[in-house]
Structures are given as C-alpha cells and as structure tokens.
C-alpha cells in the first residue's frame, strides 16, 4: 500500500489508519490487522459507522491483545449484528423473489446483497435496501406488483402511471418487510443498455424463486461509478471493489468493464488503482492497457479525507463525484 501513517498529515491520519486496518479483510485468510490496541477505541466508531466492523473483528479475533482492547466489544457486537441482519434480509429477499416469481419476473439485484457474494464471509457485508431492476420492458409490471405491497400512498402522473419514490417499504404476503429501490435503468452508472446488462446477468436460485445478478464486468463497473457518484465517502464501497477485483479470472473482459468512453475508462482505471494503493488489492492481473499510468495524487487524498468521518449523515462536503462533471480533473 502507498498510504503511510508517518507521511500522512494529522488531518488524514484516521482515514489512513482506517485504510491500513481494512487491507485484505475481504479475503478468506485476512492479514492480522495493522493496528495497536491503544488505537482501537478511536477507530471503532469509524469501523462501525462505515459498515466494516464485522470484517475487522473477524481478522482481529485471533489476537488476544486486540480482543481485550477498549472498543473491541463494540466491534464484536457489530459483527454479531451484521450476521443476524444478513439472515433476516436473506429471508426478505426470498419473500420478494416469491412475489416476483408468481408474476413471471426475474429481477436484477445489484449492489448490497449481490456484492456481498464476492466476500468469503458475505454475511458480514451489511446492506440496507434491495436495488432492483425489472427485466427489460417490464418495469411497469414490477412497479405495479410492488405497489400492491407498498406502505403509503402511490404517486401517479397525469397519465395514470405509477411513480414510486426511490426507496419504499413493502410488506410481502409472508409478513416479511423489505426496503426496495426499483430502478428504471442503469444510466446513472454509465450502463446505457439495461437489456445488455440483463442479458449477461447470472441467475441465482433462491428458495422463493430466481433473481439475477450482473456479470462481474458489469457489476465492477457499476460499483466503481457508484463509488465516484457518492464521493468515495464510505470505505465499504472500496472494499467491495477490491473483493470484486480479486474475483476476476483470466477470462474477465476488461474492455467490457471499462467501456468505450475514454474519460470513463480513466475514471475506472483510477479507482482500480486506488483499491490497490489504499487497501492492497491485488491488481497484477489487470492488463497494462487498463491501468492508469499517472494516478492523480488528489484522489487518494480526497478519499482519505472523507474517511475521517465515514458516516451517512455527513457524506462528502465536496464529493469526489463532482469530478465526474469535469473530466479535466482526471488524467
């Protein structure tokens, strides 16, 4: 990793320390956490708030000194909480799949639950809502189906079409509830063709029915664009990218992942490099043509600055995502 605590300014110290502790935590055999027992109490709120406490507890639980340190019990409790929530939300997704299956729909599930599948301990990757896309051309059917179970009042336009809020609560016939974000398309993630992404997607059989998850090339691209759009304020999103990056095999289509737009290719290449620089993700298998030759130093500095307080209520003051509107900021 490039980040050095000795060379980091005090303002960035907590962000740099967080990056160091998270290195490799997504792997089957995570390295021992690079943190002293006396640092844990200061870092614990950042790990819990960023959703990464479960990974760090798993990697530090073999260290007697760290397990006994102040703040360790909070990480252990977060670890248990995430594991329980994963079971509950897994049942909710099964119930959603049952409802969609009855209507002949196989929704595309992305981010959150779908990304957790790339971790060796997926139950420790927390997530909130379910991000879904209906099969191409069937968005209205999916919206109507969810509308039958929604809590609250639906909004209609002057043509009588249903418009759902970005996030809404649904209660299924089984009595289980879920928060769902139904997307009409994936254009904000620079995936212009939902049909193409859906066509490459992979079916996943659940007890209630079948859902689909994006192919790794599409999902990694989507995760990186999501990270950029939201300013990179949440460390969990970069560990997602690292876990997905290390899941890429020899037949991974890098051109498909990076796309055809030169500036978007540069954005993606920068964040792949960032995962290597900050978290120690293995990037040796990334072709030279898909790498960035001169990584702008301000990117890591901006992200580490955001990681000083990686909480949803704060988010980015001037997010890294602002750079998307000005490609000149990227090489």
Peptides 98-111, 217-230, 192-205, 286-299 ordered by average Cβ neighbours within 10 Å, highest first: 217-230, 98-111, 192-205, 286-299
Nitroxide proxy distance, nm - points 7 Å out along Cα→Cβ at residue 173 and residue 41: 5.5 nm
For peptides 257-269, 78-90, 300-312, sequence by mean Cβ density within 10 Å, most packed first: 300-312, 257-269, 78-90
Extension gain (nm, one decimal) between residue 67 and residue 291, 0.36 nm per residue minus Cα-Cα: 76.7 nm
Protection proxy ranking of 270-279, 124-133 - average other beta-carbon atoms within 10 Å, highest first: 270-279, 124-133
Length added when fully stretched, residue 185-residue 29, from 0.36 nm per residue minus Cα-Cα: 52.5 nm
Extension gain from residue 284 to residue 249, taking 0.36 nm per residue of separation minus the Cα-Cα distance: 11.4 nm
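Tally the DSSP beta bridges in the stretch 10-329 and give the antiparallel ones as a percent, rounded to 5.
Around 75 percent of the beta bridges assigned by DSSP in the stretch 10-329 are antiparallel ones.
Laboratory data are not the source of any read-out in this text; all were calculated from the coordinates shown. Since this is a predicted model, take the numbers as computed values, not measurements. Cβ coordinates were reconstructed from backbone atoms using ideal geometry, including for glycine residues, and neighbour counts include every protein chain displayed.
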